[in-house]
Amino acid sequence: MRSSQVLQRCLKSALSPMLALRRQTLLQAVESLLAGRRLVLIDLARSWLGVERIRAPLKRLDRLLSNPRLHAERERLYGGMVRWLVRSSTPVIAGDWCRFKGDGRWHLLRSAVPDGWNDRSTPCFTRYVSFHRRPARTCGS
């Protein structure tokens, strides 16, 4: 069974409200990632199934990644993955808080569900947080 068919079955509630062409492009990008095994835009276009030239898939991927509606639907996709992965009444969710920019103004808060069989995790929540430090107080002020 192809990975896109598995995803459509497991994430049906998250994928069904999505526009058909956007859903098809997203699933083809997953197929391309599995075929090429590298998450680099040009490599995804090179391993796109059924094409000889990379121009059309590269343009499709660029439009997909810059689509604001896909970014808005990301939470629903994460939720669908988490519901499918975590079928236990007591799930394990790992949280991470790290500095996103070197100057400390932005931080990344991410929660993920560990897979357990391949030492990887699937993100279920991602948020960029603006973090402004107050100046340190000195004695007597």
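The values are calculated or read from the model by the stated rules, or taken from the named source; none is laboratory data. Predicted model only: the values in this text are computed from it and were never measured. Please note: Cβ atoms are built from the backbone with ideal geometry, for glycine as well, and neighbour counts cover all protein chains shown.
Some observations on this one:
- Candidates Arg127, Arg110 - the one that is of a type in the set (Lys, Arg) and either in contact with an Asp or Glu (Cβ under 9 Å, 6 or more places away or on another chain) or within 24 Å of Gln8 (Cβ to Cβ) (or both): Arg110
- When the residues of the range 64-105 are filtered to those that are of a type in the set (Lys, Arg) and within 15 Å of the chain's Cα centre (by Cα), the one that is farthest from Thr126 (Cα to Cα) is Arg69.
- Test for Arg110: is it touching a Phe, Trp or Tyr at 6+ places or on another chain (Cβ under 9 Å) and surrounded by 15 or more Cβ atoms within 10 Å (Cβ to Cβ): yes
- Search result, residues across the range 1-27 that are touching a residue at least 24 places away in the same chain (Cβ under 8 Å) and among the polar types (S, T, N, Q): Ser3, Ser4, Ser13, Thr25
- Taking the listed residues Ser66, Ser32, Ser16, the one that is among the polar types (S, T, N, Q) and surrounded by 13 or more Cβ atoms within 10 Å (Cβ to Cβ) is Ser32, with no other qualifying.
- Note on the range 1-13: residues that are part of a loop (DSSP other than H, G, I, E, B) and either crowded, with 18+ Cβ neighbours inside 10 Å or β-branched (Val, Ile, Thr) (or both) total 1.
- Looking only at the range 106-123, and only at residues there that are touching a Lys or Arg at 6+ places or on another chain (Cβ under 9 Å) and either outside any strand (DSSP E or B) or modelled with pLDDT under 85 (or both), the one that is nearest to Val82 (Cα to Cα): Pro123
- Among the residues making up the range 77-105, those that are exposed (fewer than 15 other Cβ atoms within 10 Å of the Cβ) and at pLDDT 85 or above are Ile93, Ala94, Gly95, Asp96, Trp97, Cys98, Arg99.
- The residues of the range 46-91 that are aliphatic (A, V, I, L, M) and not in a helix (DSSP H, G or I), listed by number, are Leu49, Val51, Ile54, Val86.
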